[in-house]
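Report on one structure; see the data block that follows.
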Amino acid sequence: MFPVVVVHGGAGQVPKERSEGSSLGVRMAARAGYAILRGGGSSMDAVVEAVSQLENDPFFNAGRGSLLNIKGEVEMDAIVMDGKTLGCGAVSAVLNIANPIRLARLVMDKTSHVCLTAEGANRFARSVGVPEVPPESLVTEYSRMCWAKNLAPGTNRGDSQMSQMGKMGTVGAVAVDRQGNVACATSTGGVANKMEGRVGDTACIGSGGYADNQVGAVSSTGYGEAIMKVNLARLILFHMEQGQSVEAASGLGLAYMESRVGGLGGVVTVDPQGHWAARFSSLQMAWAAAQKDTLHYGMQTGEDFTHSIDDPL
């Protein structure tokens, strides 16, 4: 078993002018997570670090760069899960927090609850010393442009998943450490121009992510309403329990979601032996994986570029 971290930057269609930045971002996040694993750190530390990097990167729909709700505000969801204990923590509709993924971990580590939402999540953040940031610090010109475009007369602001996914998708990571422990972390700003208070799959155990040392770990991305209907992360692990490989199980889960509810998306998946997969049914998904001191990455179907983890990006 070789430690591994796999990250995704969201399923959908990456605009051409943002593809280079998105690819670089996931590679940097994977390298940051792998540095922790290579130093003997835990899979939980690795996925939280990787996702935090993506939350800080304005090219992604999480943390800074989150898409805006109908009021033009940032509301974010995040989840972590520890495969060794099945411990998990999540936050939903949280405001003014730079790294919701770190707050989700604090929910897991410091409360008896699994998920805190909205003002309750922010109140908890203040109680454990997590600083709030100015709301405008999380808003980028790109997210503001997407918001304004979706307000234009004649724009379909219903449940058209492709119109939503075309903007950006959720980010996430899975990892296996030297002890064979798996973990997942997922974070998002949600869909463009969502209703105030809307919560998608990310904060839902078994949909936005799941981790169990007996099977593996998954982080999901795509149209949240579709992912929740099929419990995508847990569905993929079910297929692994039936003997399917990480690659096959990921494909089966995505195919079922598309055929049953017309949902498109993507996943990164690992098993406790260090096998991994990055699969998607959407047009694109920026992803990167680090294992055996090698960095793998891609964005289009079938891509798997590689180079040494220590080479300049």
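Any read-out appearing in this document is the output of simple, stated calculations on the displayed coordinates, not a laboratory observation. Computed from a predicted structure; not experimentally measured. Please note: Cβ atoms are built from the backbone with ideal geometry, for glycine as well, and neighbour counts cover all protein chains shown.
Structure values in brief
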quantity: Residues within segment 285-313 that are of a type in the set (A, V, I, L, M), within 20 Å of the chain's Cα centre (by Cα) and closer than 23 Å to G40 by Cα, tallied; calculated: 4
quantity: Qualifying position, being surrounded by fewer than 22 Cβ atoms within 10 Å (Cβ to Cβ) and not acidic (D, E), among G265, G222, G253, G274; calculated: G274
quantity: Selected residue (criterion: surrounded by the fewest Cβ atoms within 10 Å (Cβ to Cβ)) from residues of segment 278-305 that are in a strand (DSSP E or B) and polar (S, T, N, Q); calculated: T294
quantity: Per-region count, segment 239-277, residues in a strand (DSSP E or B) and touching a Ser or Thr at 6+ places or on another chain (Cβ under 8 Å); calculated: 7
quantity: Subset tally (residues that are under 18 Å from A118 (Cβ atoms), among the hydroxyl-bearing types (S, T, Y) and assigned to a loop (DSSP other than H, G, I, E, B)) for segment 173-222; calculated: 1
quantity: So D82, is it among the acidic types (D, E) and in contact (Cβ under 8 Å) with a residue 60 or more places away in the chain; calculated: yes
quantity: Output for segment 66-112, where each listed residue is of a type in the set (V, I, T), part of a loop (DSSP other than H, G, I, E, B) and crowded, with 18+ Cβ neighbours inside 10 Å; calculated: V74, I97
quantity: Check on V14, in contact with a Gly (Cβ under 7 Å, 6 or more places away or on another chain) and either on the phi > 0 side of the Ramachandran plot or of a type in the set (A, V, I, L, M) (or both); calculated: no
quantity: Index of the failed condition, E225 passing every other in (1) part of a strand (DSSP E or B); (2) touching a residue at least 40 places away in the same chain (Cβ under 8 Å); (3) not aromatic (F, W, Y); calculated: (1)
quantity: Filter result (part of a loop (DSSP other than H, G, I, E, B) and either crowded, with 24+ Cβ neighbours inside 10 Å or in contact with a Phe, Trp or Tyr (Cβ under 8 Å, 6 or more places away or on another chain) (or both)) within segment 36-65; calculated: P58, F59, F60, N61, A62, G63, G65
quantity: Qualifying position, being in contact with a Cys (Cβ under 9 Å, 6 or more places away or on another chain) and more than 30 Å from P153 (Cα to Cα), among V218, V182; calculated: V218
quantity: Filter result (assigned to a helix (DSSP H, G or I) and among the polar types (S, T, N, Q)) within segment 118-141; calculated: N122, S127, S137
quantity: Candidates A255, A249, A217 - the one that is out of contact with any helix residue (DSSP H, G or I) (no Cβ under 7 Å at 6 or more places or on another chain) and closer than 21 Å to V5 by Cβ; calculated: A217
quantity: Filtered residues of segment 276-302 (kept if under 16 Å from G251 (Cβ atoms), touching a residue at least 12 places away in the same chain (Cβ under 8 Å) and not charged (D, E, K, R)); calculated: W276, A277, A278, F280, S281, S282, M285, W287, G298, T301
quantity: Cβ pairs under 9 Å, 6+ apart, first in segment 55-72 and within 15 Å of G21 (Cα to Cα), second surrounded by fewer than 21 Cβ atoms within 10 Å (Cβ to Cβ) and aromatic (F, W, Y); calculated: P58/Y142; F59/Y142; G65/Y142
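Residues checked against (1) buried (at least 24 other Cβ atoms within 10 Å of the Cβ); (2) within 14 Å of the chain's Cα centre (by Cα); (3) assigned to a helix (DSSP H, G or I):
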position	(1), (2), (3)
M1	no, no, no
V7	yes, yes, no
V14	yes, no, no
E17	no, no, yes
L24	no, no, yes
R27	yes, no, yes
R31	no, no, yes
Y34	yes, no, yes
